[in-house]
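Below: the structure, in structure tokens.
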Amino acid sequence: MSYEKYVRENEILDKNQKEYEKELVQSIIITRNNLDVANKNYEYAEEELIDYYLYKIKAEKAKYNYLLRKAKQNGIIIDFLKDFNVTDTKVV
């Protein structure tokens, strides 16, 4: 009886870990896309918006690097991420 309870708790924890990894991968992809958009907007920014996009790029880079470190800590391979959209991601 106690063994079944332990197994069920492990399955729930595993599921939560997989959900966490999926959300982490999605966050990395979204942040990467936001960084790309900020870089493109910076290229065409008017004078009043140049500082805004510089700060946005810096903030997105910091967030992206943080998320990449978290992924590495969790053993997630991230080399392929720039080729995928958020809707394409599946963590198995």
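Among the residues making up the range 37-70, those that are among the charged types (D, E, K, R) and surrounded by 13 or more Cβ atoms within 10 Å (Cβ to Cβ) are Lys56, Glu60, Lys61, Lys63, Lys70.
Summed over the range 24-83, residues that are under 13 Å from the mean Cα position of the chain (by Cα), in a loop (DSSP other than H, G, I, E, B) and modelled with pLDDT of 90 or more total 0. Remark: pairs (first residue in the range 44-67, farther than 18 Å from Leu24 by Cα; second residue part of a helix (DSSP H, G or I) and among the small types (Gly, Ala, Ser); Cβ separation under 8 Å; 6+ apart in sequence or on different chains) = Tyr53/Ala38; Lys56/Ala38; Ile57/Ala38.
The values are calculated or read from the model by the stated rules, or taken from the named source; none is laboratory data. No experiment lies behind these values; they were computed from the predicted model shown. A quick note on method: Cβ atoms are made from the backbone with ideal geometry, for glycine too, and the neighbour counts reach across all protein chains shown.
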